[in-house]
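Since the structure comes first, as structure tokens, the remarks are kept for the end.
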Amino acid sequence: MGANSSSISELPENEYLQKLSGSEPISENDPFWNQLLSFSFTTPTNSADLKLLEEATISVCKSLVEKNPRTGNLGSLIKVFLSRTKELKISAECQNHLFIWQAHNALFIICCLLKVFISRMSEEELQLHFTYEEKAGPSSYGAECEDLIEELLCCLIQLIVEIPLLDITYSISLEAVTTLIVFLSCQLFHKEILRESIIHKYLMHGRCLAYTSRLVKTLLYNFIRQERSPPPGTHVFQQQTDGGGLLYGIASGVATGLWTVFTLGGVGSKASAQLEQCSPLASQSLLLLLVLANLTDTPDTPNPYRQAIMSFKNTQDNTAFSSSNPHAFQINFNSLYTALCEQQKSDQATLLLYMLLHQNSNVRTYVLARTDIENLVLPILEILYHVEERNSHHVYMALIILLILTEDDGFNRSIHEVILKNITWYAERVLTEISLGSLLILVVIRTIQYNMTRTRDKYLHTNCLAALANMSAQFRSLHQYAAQRIISLFSLLSKKHNKVLEQATQSLRGSLGSNDSPLPDYHFWEMSECLHSSDTKLRHAQDLNVIEEVIRMMLEIINSCLANSLHHNPNLVYALLYKRDLFEQFRTHPSFQDIMQNIDLVISFFSSRLEQAGAELSVERVLEIIKQGAVALPKDRLRKFPELKFKYVEEEQPEEFFIPYVWSLVYNSAVALYWNPRDIQLFTMDSG
């Protein structure tokens, strides 16, 4: 950087950075800080920019890591930042760029240094870098004995929640959010989940605790508003006048000689063009919110940020807050709902929606009461439809959201009343008009079929089938294609079952010593017991068990629809009759005999009526006969079964899944943050 610095490669030789990382202590009152902080550059907008910066300044950072315990210069820089922030609110109100500009620059340097420090040392070592005490001379360090980490964290939170969001404050607000993420990034460098952390303790106790609800609320509103980044240079101090006092003079005198040409990813770059289409602050705020919400509870304190997320209410809700939760607040649910509907293409927005539906009953009740529920459900279905393009975690979250929604009978009824026109992203078939309920069934069935042929994930199967089961009693006016796909899925399962059964038969023959030996008269449901006798044949037995569980579930779903809403679904009865031969082999199977009774009865009843009507019947005539028969079929002839109801429950220790997931999102999606992939311990690079 130097007096005539013009490239990143010259940064290590910059006299100001060399002095910062040198052997001499620098008092927080030294004019040096005005010189160091009076630089102008376009804030880095992507991880590639930060990688260049980190590689260029690594020697400076290493030197500071080595010498800071003796100089305390990191502490002095933080003190300077803290002093600048005291004027920020007034500066924003008065459009005074100077304090905002220098505070932003100070925080940017602090954030860059912290990221290197945290990646290279333990929290205990980091704490030592914040507790320097000067041995001689006038100093505030040892005298005040304040905890500089807590003061900085508290200052960052205050900056986020108290400074109005304007063009000139946008960058420093973003930097404050980013620095909090960096403070918490120690988790990235541990394989195990951090359950005791110094930074966590500061954020969940003491001075920071009082700001919990305001921080969560502000981060949510940042996400809701989706404020775009102002034009480059908006936050930079403009040197257009000669007045302004001594500090102004110092700043304007050195700015032209420092980082003026230091424009990482500057105007017109691909990164900047992308950022014009999104909101860096909204994206970063959401990531910080997810990180905070997934901090682990301590033995004496539940996570206050999760408590705030679990309990906030609509601004139109006038009921009193519970005294048991001091972190509750109110937010505009209509705005939140709109933002959630619009942002579901990102993993983090889907994860936020999952958290709110699962943990906040106020949000769940509000969402289920919306008359435009299709605005939320369609983006979720589109995630599942493009399953090949999504990572598995995003698909899981989308599917669990559907499962949570289908726990509500009102939702299951209402989705069949919402008629959609021309679903362009559904490519298998032109859908000019279909109910939201039928589309949901089509997409879930497609997900099951994809899973059967590709990933073979039992967890995915289970949740897909659970969602269909929850809906089954409320199926109404199923689209003919949806009805066909239900039966086609059963056909696919039947073929899969026969294939697995054939493999099991061959395994059993092999265990008897000859492939030509006649098999004993085993029923196929007895195969599993025989196969268990040989460890090498265990896989076939497990395959049989799994496929039979899925077939049982599909039969229960079909039966539930027939028993509860047969007269509403002539297309399903038609598809059932068309493929009636599929069900023959399952009549005598002890695992399916009970559930097959109703299906057999319906097939027999309607087959008889069709035979009486004669041959060569048109599709329209068959459907008419089915509709008439549905009225004539005595309901008491159908056996009653318990209602199919599945409820989503998080597994024990959900943090083992969610914390690596959240940090993989931070690693892959955070604005202008870069970590060396070789340093990451929490997850593998392909798990994000």
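The values are calculated or read from the model by the stated rules, or taken from the named source; none is laboratory data. Nothing here was measured: the structure is a model prediction, and the numbers come from that model. Note: ideal-geometry Cβ built from the backbone for every residue, glycine included; neighbour counts use all protein chains shown. Protein only, heavy atoms only, side chains kept; ligands, DNA and RNA dropped before computing areas. Shrake-Rupley method; radii C 1.70, N 1.55, O 1.52, S 1.80 Å.
Laid out as a table, the results:
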| read-out | value |
| --- | --- |
| Any hit, the range 13-24, residues being in a helix (DSSP H, G or I), farther than 16 Å from ILE110 by Cβ and of a type in the set (Gly, Ala, Ser) | no |
| Residue ID - least open to solvent (accessible area, probe 1.4 Å), chosen from residues in the range 654-688 that are farther than 28 Å from ASN463 by Cβ and either of a type in the set (S, T, N, Q) or in contact with an Asp or Glu (Cβ under 8 Å, 6 or more places away or on another chain) (or both) | ALA672 |
| Residue that is surrounded by the fewest Cβ atoms within 10 Å (Cβ to Cβ), among those in the range 578-607 that are among the aliphatic types (A, V, I, L, M) and over 43 Å from the mean Cα position of the chain (by Cα) | LEU601 |
| Whichever residue in the range 397-425 is of a type in the set (Ser, Thr, Tyr) and open to solvent by 10 Å² or more (accessible area, probe 1.4 Å) and, among such residues, is modelled with the highest pLDDT | SER414 |
| The range 330-347 residues that are touching a residue at least 60 places away in the same chain (Cβ under 8 Å), paired with ones that are assigned to a loop (DSSP other than H, G, I, E, B) and open to solvent by less than 10 Å² (accessible area, probe 1.4 Å) (beta carbon under 8 Å, 6 or more apart) | ILE331/PHE312 |
| Hits in the range 622-653 - residues which are open to solvent by less than 90 Å² (accessible area, probe 1.4 Å), under 23 Å from SER477 (Cβ atoms) and among the charged types (D, E, K, R) | GLU624, LYS645 |
| ILE172 vs. criteria over 22 Å from ASN222 (Cα atoms), modelled with pLDDT of 85 or more and of a type in the set (Val, Ile, Thr) | no |
| Tabulated pairs, the range 1-25, first hydrophobic (A, V, I, L, M, F, W, C), second at pLDDT 70 or above, C-beta under 6 angstrom, 6+ apart or interchain | MET1/LEU11; MET1/ASN14; ILE8/LEU52; ILE8/ALA56; LEU11/ALA56; LEU11/THR57; LEU17/VAL60; LEU20/ASN73 |
| Complete set of residues in the range 360-377 that are open to solvent by 20 Å² or more (accessible area, probe 1.4 Å) and either in contact (Cβ under 8 Å) with a residue 60 or more places away in the chain or among the acidic types (Asp, Glu) (or both) | ASP372, GLU374 |
| Hey, LEU442 under 25 Å from the mean Cα position of the chain (by Cα), free of Cβ contacts under 8 Å to residues at least 60 places away in the same chain and crowded, with 22+ Cβ neighbours inside 10 Å or not | yes |
| Of all residues in the range 372-396 being over 11 Å from the mean Cα position of the chain (by Cα) and among the hydroxyl-bearing types (Ser, Thr, Tyr), the one that is modelled with the highest pLDDT | TYR385 |
| Residue that is farthest from the chain's Cα centre (by Cα) [pool: residues in the range 169-211 that are surrounded by fewer than 21 Cβ atoms within 10 Å (Cβ to Cβ) and acidic (Asp, Glu)] | GLU196 |
| Helices (runs of 4 or more DSSP H) (entirely within the range 526-589) containing at least 2 residues that are at pLDDT 85 or above | 538-565, 570-578 |
| Odd one out for CYS61, checked against (1) touching a residue at least 60 places away in the same chain (Cβ under 8 Å); (2) among the hydrophobic types (A, V, I, L, M, F, W, C); (3) more than 15 Å from ALA176 (Cα to Cα) | (1) |
| Among the candidates TYR661, TYR648, TYR667, residue that is at pLDDT 90 or above and part of a loop (DSSP other than H, G, I, E, B) | TYR648 |
| Residue that is nearest to LEU572 (Cα to Cα), among those in the range 455-478 that are assigned to a loop (DSSP other than H, G, I, E, B), in contact (Cβ under 8 Å) with a residue 40 or more places away in the chain and open to solvent by 70 Å² or more (accessible area, probe 1.4 Å) | SER477 |
| Some residue of the range 605-614 being on the phi > 0 side of the Ramachandran plot and either in contact with a Leu (Cβ under 7 Å, 6 or more places away or on another chain) or at pLDDT below 90 (or both) | yes |
| Selection status of GLU388, of a type in the set (Asp, Glu), in contact (Cβ under 8 Å) with a residue 24 or more places away in the chain and open to solvent by less than 50 Å² (accessible area, probe 1.4 Å) | no |
| Matching entry among ALA328, ALA339 (being of a type in the set (A, V, I, L, M, F, W, C) and not in a helix (DSSP H, G or I)) | ALA328 |
| Of the criteria (1) open to solvent by less than 10 Å² (accessible area, probe 1.4 Å); (2) part of a helix (DSSP H, G or I); (3) at pLDDT 90 or above, which one TYR481 fails | (1) |
| Test: residue in the range 212-225 that is surrounded by 15 or more Cβ atoms within 10 Å (Cβ to Cβ) and assigned to a loop (DSSP other than H, G, I, E, B) | no |
| Selection within the range 338-359 - over 18 Å from ILE309 (Cβ atoms) and either open to solvent by 40 Å² or more (accessible area, probe 1.4 Å) or among the acidic types (Asp, Glu) (or both) | THR338, GLU342, LYS345 |
| Residue within the range 365-387 that is more than 21 Å from LEU465 (Cα to Cα), in a helix (DSSP H, G or I) and of a type in the set (Gly, Ala, Ser) present | yes |
